[in-house]
């Protein structure tokens, strides 16, 4: 009896060690083989994996992809601020991966018994758009996490943000803030006001189905929630919030009561009030729930100043 028990324990230990060794081999191989974004330190991609995948799906010529990369200094601070708030409020404090967001996503997916939330950071979204297919899978999520972590060690936060804002999808065959601003509003990304910024940011979870002025529940729910969060974090005042929410404010006047982007309402970190209506909405109708704090660096150079040149990397 004791021999049988010892044999079972021995086999269990050996099996456990084999699993650990296999996991280590897989992780090590992934670390060595997956990219780290170093080729984009000073150059923008000609096209991303997502752009090529979209062109192939829709049988488009690559020249039909609308994509016009610019320097971060040529993108409105309002759009930068709103997208950080919308997509990844802890962007400046995590190592490319937000463990709190991943934990929340796993718990939500388990409760719903479906792959509803991904918990992806801006860096993870960048990794996916640059290198991976759009189809959801556990392998893609694993690769996305590894690449994001490597990219965070290789590229500056500023460069990651600049790349992301230039390749994020904002509509059918429409990529990047500059192309989206010119297509939807007829202006460069640098000229976007708060109202236009929130309308663009509201599209990010489902840009192929919606547009900034379609008036659907999807875009209006997200737009109004973003405006409320901008007010609650001190970026816009209460009057501006109600004017923009109702659509009463003239677009040209939408910047009149906006605080400086840094520091955010004179504080590095501010709590965003809990929203009791989130639970009743699907993933496509909410701002990612990983957002519980707004963390913005306390210097303008990190976001709006180009330390070397106003020209975009080539």
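Rg then Dmax, both in Å and based on the Cα atoms of the stretch 100-177: 13.3, 37.
The modelled label-to-label distance for the pair residue 3/residue 46, using points 7 Å beyond Cα in the direction of Cβ, is 6.9 nm.
Put simply, when 127-137, 57-67, 207-217, 191-201 are sorted by average Cβ atoms within 10 angstrom per residue, most first, you get 191-201, 127-137, 207-217, 57-67.
No lab work stands behind these numbers, since they all come straight from the coordinates. For clarity, every value in this text was computed on a predicted model and none was experimentally measured. When we count neighbours, we look across all protein chains shown, and the Cβ atoms used for this are built from the backbone with ideal geometry, even at glycine.
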